Structure formats: C-alpha cells, structure tokens
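What follows is a short report on a single structure.
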Amino acid sequence: MTTMTTMPEMSATDLLATDFERQSGAARASLTTLRRGAFDRFGQLGYPTTRNEQWKYTSVKPIAEAALRLADAPLTPPHQRELAEYVFSDDEHRLVFVNGRFDPALSAGAAPLPLPRGVHLESLADAPAGNAATIQSHLARHADYDDAAFVALNTAFLHDGAFIRIERGVVVEKPIHLLFITRPGDAPGVVHPRVLIIVEDDASATVIETYAGPDGSKYFTNAVAEVVVGERSSIDHYRIGREGDGAFHIGRINLHQLRSSSVTLHVATLGGALVRNEINAVIDAEGCNCDLYGVYAASGTQHVDNHLRVDHLKPRCNSRELFKGILDGHATGVFRGRIFVAQGAHKTDAKQTSRSLLLSDTARARSAPQLEIFADDVKCTHGATIGQLDEDAIFYMQARGISRDDARDMLIFAFANEALAQIRHQPIRARLEALLWERLPHGSLARGP
Amino acid sequence: MAPLLQITNLHAGIDGVEILRGVNLTVNPGEVHSIMGPNGSGKSTLARVLAGQKSYQVTQGSILYNGRDLLEMEPDERAGEGVFLAFQYPLEIPGVSTKYFIKAALNAIRKRRGLEELDAFEFLTFVKERAKLVDLDMALLDRNVNEGFSGGEKKRAEIFQMAVLEPRLAILDETDSGLDIDALKTVAEGVNMLRGPERATIIVTHYQRLLNYIVPDFVHVLMGGRIVKSGGKELALALEEKGYAWTENKADATVNVATVNV
C-alpha cells in the first residue's frame with residue numbers, strides 16, 4: 001500500500017495574504033496604514049455575491065475562484081511597436097504601465113512630448129515630494145472602499161499608478177494618455193492600477209485611460225481612478241477597455257466636481273470576458289455639468305456591466321447619461337444607473353438613457369434605472385430601451401442595392417454612433433469608430449462620408 | 001422585343017391571407033404602366049412583391065424580369081439589376097446620413113454593374129445635378145435618411161434616389177399621395193426626364209391626377225387581387241369620372257380574358 005501525500009493547496013484567501021505581505025515591503029511607508037486598513041476591510045467584505053443588490057446581475061464567481069496571483073513584471077516587456085495598436089497619435093503625453101508597474105522607457109517612447117509648465121504627470125510610486133501633500137489629501141479620499149470590495153482590494157494593493165496634476169489656470173492642449181498593458185504569465189495574474197487626477201481651478205485637460213491585454217489568457221484588471229475637477233475647470237475623460245477575451249476587468253471611476261466644473265466621460269468597452277465599469281460622480285457644488293457616455297460591443301459569452309451613480313448634492317447642476325450596447329451571440333449587457341438628488345439640490349436636471357441592441361436571440365440585456373429624489377423643482381428623466389434591428393429598414397436599404405449584411409452593419413453602427421458622435425477628440429472618435437466597425441459581424445463596408 | 005417584366009398568374013399574400021389572386025402583366029422596355037385600384041385591392045402588395053419584401057409570400061405564379069426569375073433574387077440583387085421601388089412610406093433611418101446612404105447604394109449598384117465606385121468629388125457632382133432635377137434641398141442630404149422629413153420631402157427624396165440609381169424598372173407606390181400640386185409636377189418632371197427606350201415605369205396610384213403629368217401607355221385596374229380591366233390612358237379618365245364600381249360588373253369577363261391569355 002502506498003500513501004499519497006499532496007501539498008495542501010493554498011486557498012484564495014491565503015494567496016491574497018501572501019501577495020499582500022510580499023508587496024508590503026516594496027510599497028511606500030506612507031501607504032502602510034491605508035493599505036492595511038483596506039486589506040482588512042476586504043477580508044470582512046469578501047468578493048460580492050449576486051445576493052448583494054449591487055451585484056445582482058453580475059456574478060464575480062469566476063474572479064473569486066480564479067486563484068489569481070499578483071502579476072509580476074513580465075519576463076519580456078512589450079516592445080515599443082506593440083504600443084502602436086493602442087496609441088491615438090504621437091501627439092499625446094503618455095505614461096505606460098506594464099502589469100501595473102510604471103515603465104519609464106516605454107513611456108518616453110521615441111520622441112516624448114515636453115510637458116507644459118504646470119502639468120505634473122508622474123508615477124504614483126515615485127511622485128516627487130512636492131506632490132506628497134496633494135496626494136495625501138486626495139488619494140483614497142474619493143473612492144471609498146467601505147462598501148466596495150474591489151475598491152478595497154485595489155487600495156490594499158496600492159503601490160503604483162498614475163498621478164496627474166494640472167495646476168490652476170493651466171489648459172493642457174494635448175491629451176494625456178495612461179496606457180495600462182497586461183502581459184499575463186503562466187498563472188492567472190491580477191493587477192490593481194490606480195489613477196489620481198487633480199485638475200485644479202480654471203484648468204482643463206483631456207485624459208485617456210486605456211486598459212489592454214492579449215486574447216487567450218485569464219487575467220484580472222482591478223482599476224480605480226479618482227478624479228477631482230476644480231472650480232470652473234473641465235476634463236474630457238476617456239476610459240477605453242481593450243482587454244483580452246479571457247480577461248476580467250472591474251474598473252471604478254470616482255468623479256468629484258467642484259463649483260461650475262464640467263466633466264465629459266466616455267467609457268468604451270471593446271474587450272474582456274467579464275467587465276464592469278463603475279462610475280460614481282459626486283457633484284458637490286453649484287453650476288456643474290456632468291456628461292457620461294458609454295458604448296460597448298459584446299459577443300460570445302462576454303458580460304458587460306455599466307454601473308453608474310450620480311449624486312446631485314447641490315443646486316443647478318446638469319447630468320447626462322447615454323449608454324449604448326450592442327450585444328451578439330450569448331453576450332449579456334447590464335446597465336444600472338442611480339441618480340440621487342439630495343435635499344436642497346433644486347434645479348437639478350438629470351437625464352439618463354440606456355439603449356441596448358440585441359443582434360441574436362440568445363443575447364441578453366438588463367436595465368435598471370433608479371431615481372432617488374429628495375429635492376423639489378428638479379427635472380429627472382430616465383429611459384431604457386432594448387431592441388433589435390428594424391427589418392423594415394433593412395429591406396428599405398436592400399431595395400436600394402445595399403446587401404443585407406452591409407445594411408445591418410450600417411444600422412448597428414448608426415446605433416452606436418449616437419454616443420460616439422459626442423466624442424470631441426477627433427483621433428479618439430476615429431479610432432473608436434474603426435474599432436467598433438471591426439467588431440461588427442461583417443465589417444466589410446467601406447466607411448462613408 | 002423581349003418583355004422587361006412578365007408577371008404570370010401571380011398569387012401572393014401575407015400572414016396566410018391571399019391578396020393577389022392571379023395577376024398577369026407584361027411590361028416592355030420604354031413603356032409606362034399605371035396600376036390603379038381602390039384601397040385594399042392589392043396594388044401595394046404587388047409593388048412590394050416586385051421589390052422582394054420577405055413578409056409577403058408568393059404561393060403561385062411567376063415573375064420574369066429581363067428573362068430571369070425575379071423571385072429567386074434577393075431585394076438588393078433586384079436593385080442591382082435595375083428594379084427600384086419608390087416606397088409609399090419611406091423608412092426613417094436614424095444615425096445614417098442621406099448622403100452616406102445614397103453613396104453606399106450607388107456604389108453597391110455600380111459594383112454589381114461592373115462599374116468603378118465614384119470618388120467623393122464625382123459623387124457630389126452627380127448627386128447635386130440629380131437633386132436639382134427633382135428640386136431637392138441639398139441640405140436634406142446631410143440629414144439622417146428621411147428623419148424628420150415632411151411627407152412631401154420624403155416623396156421627393158424617393159424620386160431623387162431613383163434619379164441617382166437610374167433603374168431600368170421603376171415602381172412608384174402611391175408617390176402622389178401627400179404631395180401638393182407643385183411637388184407633384186416636380187416629381188413628374190423628374191420621372192419623365194428619366195424615361196427612355198430601355199426603361200419602364202409602373203405607377204401605382206389611387207388617383208388619376210399624377211397621370212396628368214406622367215402620361216401612361218397602359219392603365220390597369222386591380223381589384224380583388226386581379227387585373228380586371230386594362231386600357232390606354234383614357235381608362236384612367238373614365239375611372240376618375242365613373243369610379244371603381246364601374247369596373248366591378250365587368251370583373252368576371254376580364255378575368256376570363258386574362259386566363260385565356262395565359
């Protein structure tokens with residue numbers, strides 16, 4: 001008789017603790033308390049289940065069960081030319097992160113643009129001491145993790161990320177691009193990218209976050225961005241998801257708006273197996289404008305969840321939400337949008353629209369608007385539609401000589417374009433249009449005028 | 001001369017209800033035919049079956065177009081071969097500009113005909129000239145297809161599309177409805193200008209008034225899913241004067257004649 005002995009397998013919790021301790025040595029001392037607190041909180045919260053109302057339609061079981069390890073630096077870092085796929089033009093300020101770590105060489109690229117005066121673009125891990133106070137007063141102050149397991153997890157592993165500070169009165173003309181690339185190793189890895197953006201008063205900037213990875217690998221990106229927009233300032237913000245087809249992506253954005261500030265955010269999801277975009281906007285002063293746009297195209301068994309919350313805390317602010325989803329195959333799209341209007345936030349004008357286009361009988365869309373209004377004299381509307389392509393319109397186009405496939409493509413594209421047309425930055429609009437076009441079932445049609 | 005269109009004993013319907021019950025019609029190149037009839041007689045059904053709308057089922061009979069079996073062809077293939085239907089209710093297509101739409105259509109058809117696609121400049125020049133032909137406001141080209149167009153603008157846009165695509169067989173389904181007299185004249189001028197020895201037109205209409213401006217070679221009365229009477233342009237005038245009821249007592253006799261013809 002032989003006795004077989006096996007090494008006891010480490011539980012997911014043990015793995016997490018091991019990685020946490022391993023990384024703690026490398027992290028900044030000033031972050032120790034924050035990290036420990038968030039780690040303990042995650043320990044209490046655990047991964048959310050579908051019994052949690054906020055996660056009713058999105059199961060993160062595949063993430064919880066994936067035995068993910070904190071991703072190491074890749075053995076072979078990506079080559080500069082691999083970035084070409086993701087950059088929008090050479091005319092952008094760029095920070096590149098590989099597996100969550102700032103990569104100075106890739107960031108500099110062939111010809112780095114000189115930063116204008118008053119613009120700080122740094123890695124969080126080695127931001128100069130001059131910005132310590134700013135970071136201290138904002139980091140983890142806006143993305144509360146108390147009731148958000150993934151934010152807690154990100155904060156627990158806070159180590160590196162991007163820090164952007166636009167000084168008062170500075171208008172940054174060229175876009176700032178934060179490119180987070182994952183290069184999976186043999187085991188499923190997790191990265192916790194962190195972004196802190198401070199736009200001071202009377203300033204403006206365009207910021208792009210891109211999250212990308214290869215197809216065919218299981219990995220997890222758990223991103224958190226905190227964005228503070230100062231008085232009379234504006235930000236044109238893009239979050240572009242180009243994760244690989246085996247990837248999990250949970251991405252939180254916390255927007256904090258000060259008086260008369262303006263935010264335009266576009267969230268484009270063009271990849272990933274399981275994706276959840278969480279956008280929390282806190283409008284904490286009068287006269288603000290907050291426009292949130294989303295477009296996603298999902299097929300196969302992809303699951304894309306857009307989870308929005310807009311808090312109108314002060315009077316005379318506008319918010320607009322327009323999310324458009326194209327769902328094919330067995331894909332699922334979820335939209336949850338909560339608009340909260342606090343007592344006294346009168347003259348609030350909030351409009352929420354979610355539209356899903358189902359291209360197959362097996363695709364699913366769920367939409368759950370939620371309005372909580374505690375103020376008088378407000379205008380709040382929401383509309384959700386789930387529809388299919390109009391067969392009569394297809395026939396009309398065919399009767400003009402356009403093939404059925406091309407007619408479908410044109411209609412699908414037109415559907416998405418309602419959101420894409422709102423993109424101000426032309427290179428981004430053009431690229432997203434092209435990417436979306438590629439993802440359409442046929443994509444053979446030449447683009448028109 | 002080989003007929004451009006030959007419809008023989010056509011039976012067709014929708015949702016299991018038979019609407020066309022044995023239509024026979026022959027259209028030669030260069031001819032203009034008008035199909036008249038009261039509401040519900042099957043005029044629009046005939047137009048849509050010719051264009052290939054899938055929700056209508058053909059249960060019996062045949063349609064030869066230019067010697068080919070039209071019923072075997074997809075709607076876009078029919079368009080490529082020169083069949084054009086001006087819709088009674090043109091569809092609105094949000095998010096697709098008229099210019100883009102018409103360019104996609106024109107180039108798809110040109111490709112089928114073995115012609116090169118037009119470049120942006122050639123396209124615009126051509127389109128401008130055709131828009132002038134039907135007095136179409138060029139600003140409409142930058143708007144989404146038919147979206148927010150008035151009834152008259154929609155009809156005019158249909159004829160504009162026809163002028164751009166230059167079909168061999170144009171079928172106008174109630175194009176006159178909703179048009180005031182000036183618009184009617186413009187539309188008719190457009191249609192007349194496109195007439196030619198190679199081309200044929202079928203005008204489906206309830207009223208005679210469009211036929212004052214587009215003079216048909218033949219007028220057919222469709223009732224109860226059959227052509228019950230055929231004649232020259234004077235038949236339209238007689239119908240206008242005496243009403244459709246006038247033809248009804250002659251229906252059986254005409255059907256017999258039609259059957260003999262088959």
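The values are calculated or read from the model by the stated rules, or taken from the named source; none is laboratory data. If you're wondering where the values come from, they're calculated on a predicted model, not measured in any experiment. Here the Cβ is made from the backbone with ideal geometry for all residues, glycine too, and neighbour counts use every protein chain on show.
Summary table
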item: Enumeration of residues in the stretch A:372-403 that are polar (S, T, N, Q), outside any loop (DSSP other than H, G, I, E, B) and within 12 Å of another protein chain (Cβ to nearest Cβ); result: A:Gln398
item: Helices (runs of 4 or more DSSP H) within the stretch B:143-248 that include 1 or more residues under 18 Å from B:Val83 (Cα atoms); result: B:151-165, B:181-193
item: Pick from the stretch B:39-78, criterion within 14 Å of chain A (Cβ to nearest Cβ) and aliphatic (A, V, I, L, M), ranking: farthest from B:Ile7 (Cα to Cα); result: B:Met73
item: Any chance B:Glu122 is in a helix (DSSP H, G or I), farther than 19 Å from B:Thr26 by Cβ and more than 12 Å from chain A (Cβ to nearest Cβ); result: yes
item: Among the candidates A:Asp186, A:Asp236, A:Asp202, residue that is out of contact with any Cys (no Cβ under 9 Å at 6 or more places or on another chain), in contact (Cβ under 8 Å) with a residue 12 or more places away in the chain and either buried (at least 23 other Cβ atoms within 10 Å of the Cβ) or part of a loop (DSSP other than H, G, I, E, B) (or both); result: A:Asp202
item: Meets criteria (over 30 Å from B:Met1 (Cα atoms) and either modelled with pLDDT of 95 or more or among the polar types (S, T, N, Q) (or both)) for B:Ile181; result: no
item: Test for B:Glu81: is it within 10 Å of another protein chain (Cβ to nearest Cβ), among the acidic types (Asp, Glu), surrounded by fewer than 17 Cβ atoms within 10 Å (Cβ to Cβ) and under 27 Å from B:Asn24 (Cβ atoms); result: no
item: Residue, modelled with the lowest pLDDT, within the stretch A:404-439, restricted to residues that are over 17 Å from A:Phe323 (Cα atoms) and within 14 Å of chain B (Cβ to nearest Cβ); result: A:Trp437
item: Failed condition for A:Gly100, given (1) surrounded by 13 or more Cβ atoms within 10 Å (Cβ to Cβ); (2) out of contact with any Pro (no Cβ under 7 Å at 6 or more places or on another chain); result: (2)
item: Subset of the stretch B:101-119 [in a helix (DSSP H, G or I) and either surrounded by fewer than 19 Cβ atoms within 10 Å (Cβ to Cβ) or at the interface with another protein chain (Cβ under 7 Å from one of its Cβ atoms) (or both)]; result: B:Lys103, B:Ala104, B:Ala105, B:Ala108, B:Ile109, B:Arg110, B:Lys111, B:Arg112
item: Matching residues in the stretch B:31-41 - criterion: being in a loop (DSSP other than H, G, I, E, B) and at pLDDT 95 or above; result: B:Glu31
item: In the stretch A:239-266, the residues that are acidic (Asp, Glu) and either under 20 Å from A:Ile166 (Cβ atoms) or buried (at least 23 other Cβ atoms within 10 Å of the Cβ) (or both); result: A:Glu243
item: The stretch B:84-100, residues that are over 22 Å from B:Leu184 (Cα atoms) and either away from chain A (no Cβ under 11 Å) or touching a Gly at 6+ places or on another chain (Cβ under 8 Å) (or both); result: B:Ser97, B:Lys99, B:Tyr100
item: Tally, over the stretch A:217-232, of residues that are over 21 Å from A:Arg168 (Cβ atoms) and assigned to a loop (DSSP other than H, G, I, E, B); result: 2
item: Identity of the residue in the stretch B:125-153, facing chain A (nearest Cβ under 10 Å) and not hydrophobic (A, V, I, L, M, F, W, C), that ends up surrounded by the most Cβ atoms within 10 Å (Cβ to Cβ); result: B:Asn146
item: Residue list for the stretch A:304-323, restricted to those being surrounded by 24 or more Cβ atoms within 10 Å (Cβ to Cβ) and in a strand (DSSP E or B); result: A:Val304, A:Asn306, A:Leu308, A:Val310, A:His312, A:Ser319, A:Glu321, A:Phe323
